[in-house]
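Single-structure report; data block below.
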Amino acid sequence: MSGRRYLCLWLPFLPTDRLRPAAGEAPLSVPGATVQRVGNSAFLVALDRMARQRGLRSGMTLASAQAVCPDLTVLPHDPDGDRARLYELALWCDRFTPLVAVDGVDGLMLDTAGCDPLFETDTDSGEAVLIRQAREGLAALGFHASAALASTSGAAAALARYGGREEWHVAPDAKLSDVLSDLPVTALSAVEPGLDEDVFDGLVRVGLRRIGDLIGVPRAALAARFGLALASALDKALGQAPRPIAPRPIRPPYRVRLRFPDPIGDTPDIEAALRRLLDRLCRRLGDEGRGCRRLDWTLYRADRTEQSLTIGTARPARDPNRLFRLFAEKLKTVEPGYGVDSMLLAATGVEACTATQEDGIGAVTGYDRTALETAIDRLGNRLGADNVFRLAPVDSHLPDRAQTRTAVLPDKSAPWSKSGDRPLRLLNAPYPIEDLGGHSFRIFGRRTALRLLRGPERIAPEWWRKDAFWAGGARDYYDVEDETGRRFWIYSEAGNRPVRWYLHGLF
Amino acid sequence: MSVYRAEIFETARNGGAWREGTEGDGVWADAGLRLATARRHVDRIERQFRRAPSKGSALRTGFAAVDAVLPDGGLTCGAIHESLGLAARRFAVHLLARRLENAAAPALWAVPVAAGHALYGPGLAGYGVDPSRLVIARYRSAVEGLWLIEEALKSGAFSLVLGEPEGALGTTAARRLSLAAEAGGTCGLLVSEGGAAISAPGTSASRWRAEPAPAAISETGPVRRRLSLVLERCRGLTGEETRRWLLDTV
């Protein structure tokens, strides 16, 4: 096992540390705890340091905790959020080593073998600096952490949690059995999460309180009496059995860069470079089964200026030809200036994208979806994404609120009501018309004799909403036509005298 | 067509028994030249018989009397059509409803950004159009509008492309749209509520003039709305058929 080095970072107050900055108003001098509700009662789950110092314990009811400690800040218990934050912190730890694993529910395990020389300074060893930077960095993010660096991951996990110190730095040549001998036997639960409470109770009952007491006992006897898990936990802590860690695969951001030995400026060169960037990016997206919704292409010119072009797609895409065609519209706007030094292509909004979407089998919908997506993307990129849309119904009986805009894809939506004759065009603002008497009105400056087809239809404003447009109160709508057959949708405000008429729509 | 092609290649292979007037008389010395000439001839014959490659069937107007007159039994796909007159939009919406009934792909309507009150979903729904299957694209300038209509036609992704160009199109623009419709196999419909023709002569497959007509109100039945429709011109139609109808619409 020689040469292995593991740094365990234990975050004892992860749930409260995570929520406290968000809780905002509560100053950190006030104790805090997360609370889970079970039926009508609430129990404390995770506590911060101050809550523990004030005598609160996990599992207390909230009522008794507040009796002890009236100023307790109550935070929601959210194990999924805790786990997600722990993964984020694992990504943050990529700065120390590429091999970072999540250890239990509240710890991080870093394989730091070979990384320490990078942190070495004149006065301190690399490992000492690494421990300090990791703890300070986490503290700056709002997390309290205990750290232990040892030759086995088991020893590091046990020391960080049960070592009683905030920093442990076990030299590579130190004997682990000596270092661990003072720890309580419960420390082994950090090494082997499956270990039962009963096992520790049994150990204490026979007088085996410390790990040092166990080391002398023959393993076979230990395993026979207390189960194999205990013996294996001891072996793992001492480095006599392997305890591998499962580092999270690091997913670098979806960016590809291309540098040129000499600045380029010709359109074919720039196109070829873009194609190469797209090929590289799309190959990676394809390997991971993902597609991008947005691509930012930045060209860095020789005179240190830059130009950015952005395209968006309606659905996650990873077909380099299709993405290239979307850029092709914008290629004429590229101004190489003194020449382009390097290019960066970054995909944002990366989402899962299954192969069937790419294949575009339109069997379900009965038409060529890929063609539609490609067309929508092309139009959207030239006209602006918000200028290509569909109409969606709004559940309102007011004619001017009955529709809204929605994205073209995905193409499912609520059904439209077919009731009622509504005009094909609704004017943004009703156009005042003048009643000339005898069914004649002045519309667009011309005297028009109208014939009633349908009406009146009374539409009242929504009383729960203040709407200046409907300030005139309820309206009576009429569907009318002139002698040539042109149809109008006009209304009068029911409550107002003298009656005023407006044109609101054209058929 | 395949008969013509086979015949010509047959003659070309047999060593020039077949003569071609414009190339002069005599036996072809060079096989390559012979083949090239044969190809040119095939092209020429095919051009006479060529019909736009249409993806869907013809777009039926839904009026039996009108469809009976049209050479394809409806509006030819892969071509541009025009709808003019004060009720041009109503006729266009009527055609749109028929199209969406029979085709799975959505339709596209190009409108200028400036026209805020361009399309009203509940009104479209009343005409039998499912507005959810209508993509609306807004353009800022006339040039952008033409680009948009051309792209939409060419993509083949839409079952019907509607546009309302401002004023008449130049010959080039009209020709481009016509070619785009042919390339995409898409039916294009240019709508103008002003009376003047939009498209240059010969570029649109049909031109319709739709005018409103007074509705028929009976004491007992529902109001029957009417449309006066005139087929001003139509490719492939030369006879003295009726070209004027008074139709009941929704």
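With contacts defined as alpha carbon pairs under 8 Å and 6 or more residues apart, what's the relative contact order of chain A in percent?
Normalised by residue count, the contact order of chain A is 9 percent.
When every alpha-carbon pair in the range A:25-67 is counted, what percent end up more than 14 Å apart?
Value for the range A:25-67 (Cα pairs over 14 Å): 42 percent.
At 7 Å along the Cα-to-beta-carbon direction for both A:ASP94 and B:VAL230, put a label point, then send me their distance in nm to one decimal.
That separation, rounded to one decimal, is 7.1 nm.
How much length is gained if the chain between A:ASP213 and A:TYR87 is pulled fully straight, taking 0.36 nm per residue apart and subtracting their Cα-Cα distance, in nm to one decimal? Numbers along the way, then the final one.
Values: separation 126, 0.36 × 126 = 45.36 nm, distance 3.62 nm.
Stretched out fully, the A:ASP213 to A:TYR87 stretch lengthens by 41.7 nm.
Once Lys and Arg get +1 and Asp and Glu get -1 on their Cβ, which of B:THR249, A:ILE376, B:VAL129 lies farthest toward the positive end of the dipole of the protein assembly as shown?
B:THR249
Can you give me the C-alpha center-to-center distance between the range A:213-230 and the range A:381-452, rounded to a whole angstrom?
Value for the Cα centre distance between the two parts: 82 Å.
Using the heavy atoms of the protein chains and a 1.4 angstrom probe, tell me the accessible area per residue for chain A in square angstrom. Could the numbers behind the result be given before it?
Values: 25340 Å² over 507 residues.
That works out to 50 Å² per residue.
Looking at A:PRO316, A:ALA241, A:PRO12, which one has the Cα that reaches farthest to the positive end of the dipole of the protein assembly as shown (charges on Cβ: Lys, Arg +1; Asp, Glu -1)?
A:PRO316
For the pair A:SER308 and B:GLU101, what calculated FRET efficiency results from E = 1/(1 + (r/R0)^6), where r is the Cβ-Cβ distance and R0 = 45 Å, to the nearest 0.05? Please list the in-between numbers first.
Details: r = 45 Å, r/R0 = 1.00.
Rounded to the nearest 0.05, the efficiency is 0.50.
Calculated from DSSP H runs of 4 or more alone, at -39500 (n - 2.57) each and per residue, what is the 222 nm mean residue ellipticity of chain A, nearest 500?
That comes out to -8500 deg cm²/dmol.
Using Cα positions and a limit of under 14 Å, work out the aspartates and glutamates in reach of A:LYS236, with same-chain residues fewer than 8 apart set aside.
Once the sequence-local aspartates and glutamates are set aside, what remains near A:LYS236 is A:GLU192.
Using a 10 Å cut-off around each Cβ of peptide B:135-147, what is the average number of partner chain Cβ atoms that fall inside?
Mean partner shielding for this stretch: 4.
Loop only per DSSP, at most 16 neighbouring Cβ atoms within 10 Å: give me the trypsin sites (Lys or Arg not before Pro) in the range A:419-469, ordered by residue number.
A:ARG465, A:LYS466
Among all helices in chain A defined by DSSP H, which have a length of 18 Å or more along the axis from Cα atoms plus a Kyte-Doolittle mean of at least 0.0?
A:126-140
When Lys and Arg each count +1 and Asp and Glu each count -1, what net charge do the other residues less than 11 Å away from A:VAL100, Cβ to Cβ, add up to?
Net charge in that neighbourhood comes out at -1.
Going 7 Å from the Cα of A:ARG275 toward and past its Cβ, which residues in the range A:324-353 have a backbone nitrogen under 17 Å from where you end up?
Residues passing the 17 Å test: A:324-332.
At 7 Å along the Cα-to-beta-carbon direction for both A:ARG451 and A:VAL394, put a label point, then send me their distance in nm to one decimal.
3.6
Report, as an integer, the average count of C-beta atoms from other chains found within 10 Å of each Cβ along B:177-185.
0
Are there residues in the range B:70-97 whose accessible area shrinks by at least 10 Å² when all protein chains are included rather than the chain by itself, and which are they (probe 1.4 Å, ligands and nucleic acids not counted)?
Output list: B:LEU86, B:ARG89, B:ARG90, B:VAL93.
Just how far, in whole angstrom, is the range A:181-202 from the range A:460-485 if you go by their alpha carbon centroids?
The range A:460-485 and the range A:181-202 have Cα centres spaced 77 Å from each other.
Hey, could you grab the Kirkwood Rh for chain A? Inverse mean 1/r over distinct alpha carbon pairs, Å, one decimal. Working shown, then result.
Working: mean 1/r = 0.0330 Å⁻¹.
Result for chain A, one decimal place: 30.3 Å.
Within the range B:92-178, what whole-number % of the accessible surface is contributed by carbon and sulfur, with the 1.4 Å probe and all protein chains included in the calculation?
52
Show me you know the interface measure: the accessible area buried between A and B, both chains summed, probe 1.4 Å, in Å² to the nearest 100. Spell out each step's value before the answer.
On the way: alone 27370 and 13160 Å², together 36450 Å².
When A and B are taken together, about 4100 Å² of accessible area is lost.
For the range B:186-220 and the range B:59-110, what is the separation of their C-alpha centers, rounded to whole Å?
10
How high is the FRET efficiency from A:LYS330 to B:ALA183, r the C-beta distance, R0 25 Å, rounded to 0.05?
Computed FRET efficiency for A:LYS330 and B:ALA183: 0.60.
Only protein chains counted, 1.4 angstrom probe. Which residues of the range A:450-480 are at least 20 Å² less accessible in the assembly than when their chain is isolated?
For the range A:450-480, once contacts with the other chains are taken into account, A:ARG451, A:LEU453 lose 20 Å² or more.
Which residue, A:VAL129, A:VAL102, A:GLY194, has the largest displacement toward the positive end of the dipole of the range A:76-228 when charges sit on each Cβ (Lys, Arg +1; Asp, Glu -1)?
A:GLY194
With the solvent-accessible surface defined on protein heavy atoms using a 1.4 Å probe, which residues belonging to the range A:424-445 display a reduction of at least 30 Å² in accessible area in the multichain context relative to the isolated chain?
Residues meeting the cut-off: A:LEU424, A:ARG425, A:LEU426, A:ASN428.
Show me, for the range B:163-168, the HN-Hα J-couplings you get by feeding each phi into the Karplus relation (A = 6.51, B = -1.76, C = 1.60, θ = phi - 60°), rounded to Hz, glycine and proline as x.
x, 10, x, 8, x, 6
Given 0.36 nm per residue, what is the gain on full extension from A:GLN66 to A:ASP178 after removing their alpha carbon distance, in nm?
Computed gain between A:GLN66 and A:ASP178 is 36.0 nm.
Can you figure out the FRET efficiency of B:TRP245 with A:ASP80, using R₀ = 60 Å and their beta-carbon distance, to the nearest 0.05?
E between B:TRP245 and A:ASP80, to the nearest 0.05, is 0.35.
Determine which residues of the range A:84-126 fall in the zone a paramagnetic label at A:GLN36 would reach in this model, i.e. backbone nitrogen under 20 Å from the point 7 Å along Cα→Cβ.
A:84-87, A:103-107
Below 8 Å between Cα atoms, with a sequence gap of 6+, how large is the relative contact order for the range A:62-132 in percent?
So the answer I get is 16 percent.
Cα convex hull of the range A:425-506: mean projected area in nm², to one decimal?
Value for the range A:425-506: 5.6 nm².
Go ahead and collect, in residue order, the members of the range A:257-275 whose backbone nitrogen is under 18 Å from a label point 7 Å along the Cα-Cβ direction of A:TYR338.
Residues passing the 18 Å test: A:260-266.
Label-point separation (nm) for A:ALA220 and B:ARG40, each offset 7 Å from Cα along Cα-to-Cβ?
Taking the simple label geometry, A:ALA220 and B:ARG40 are separated by 10.3 nm.
May I ask you to derive the relative contact order of the range A:149-297, considering only C-alpha pairs under 8 Å and at least 6 residues apart, and to give it as an integer percent?
On the way: 131 pairs, mean separation 33.5, N = 149.
Averaging sequence separation for qualifying contacts and normalising by length gives 22 percent for the range A:149-297.
Please give the net charge around A:CYS69, taking every other residue with its beta carbon less than 14 angstrom from that of A:CYS69, where Lys and Arg add +1 and Asp and Glu add -1.
Taking every Cβ under 14 Å from that of A:CYS69, the sum is +2.
Report the net charge of residues surrounding A:ARG497, where surrounding means a beta-carbon distance below 14 angstrom and charges are Lys +1, Arg +1, Asp -1, Glu -1.
Net charge in that neighbourhood comes out at -2.
Rounding to the nearest 20 debye, state how big the charge dipole of the range A:255-381 is about its Cα centre with +1 on each Lys and Arg Cβ and -1 on each Asp and Glu Cβ.
240
Which whole number gives the average, over all residues in B:127-133, of C-beta atoms from other chains lying within 10 Å of the residue C-beta?
Taking the mean over all residues of the peptide, I get 5.
Using DSSP to define loop residues, name the chymotrypsin sites (Phe, Trp or Tyr not before Pro) in the range A:384-462 whose beta-carbon has at most 11 other beta-carbon atoms within 10 Å.
Numbers: sites: A:PHE389, A:TRP416, A:PHE441, A:PHE444; in loops: A:TRP416, A:PHE444.
Those that pass, being in a loop and sparsely packed, are A:PHE444.
For the range B:64-249, build the convex hull from the C-alpha positions and give me its volume per residue in Å³.
Taking the convex hull of the Cα positions in the range B:64-249, it is 121 Å³ per residue.
The values are calculated or read from the model by the stated rules, or taken from the named source; none is laboratory data. Just so it is clear, the structure is predicted and the values come from calculations on it, not from any experiment. Because the Cβ atoms are built from the backbone with ideal geometry, glycine has one as well, and the counts that use them run over all protein chains shown. Heads up: the accessible areas ignore ligands, DNA and RNA and are worked out on the full protein's heavy atoms, side chains in. Shrake-Rupley method; radii C 1.70, N 1.55, O 1.52, S 1.80 Å.
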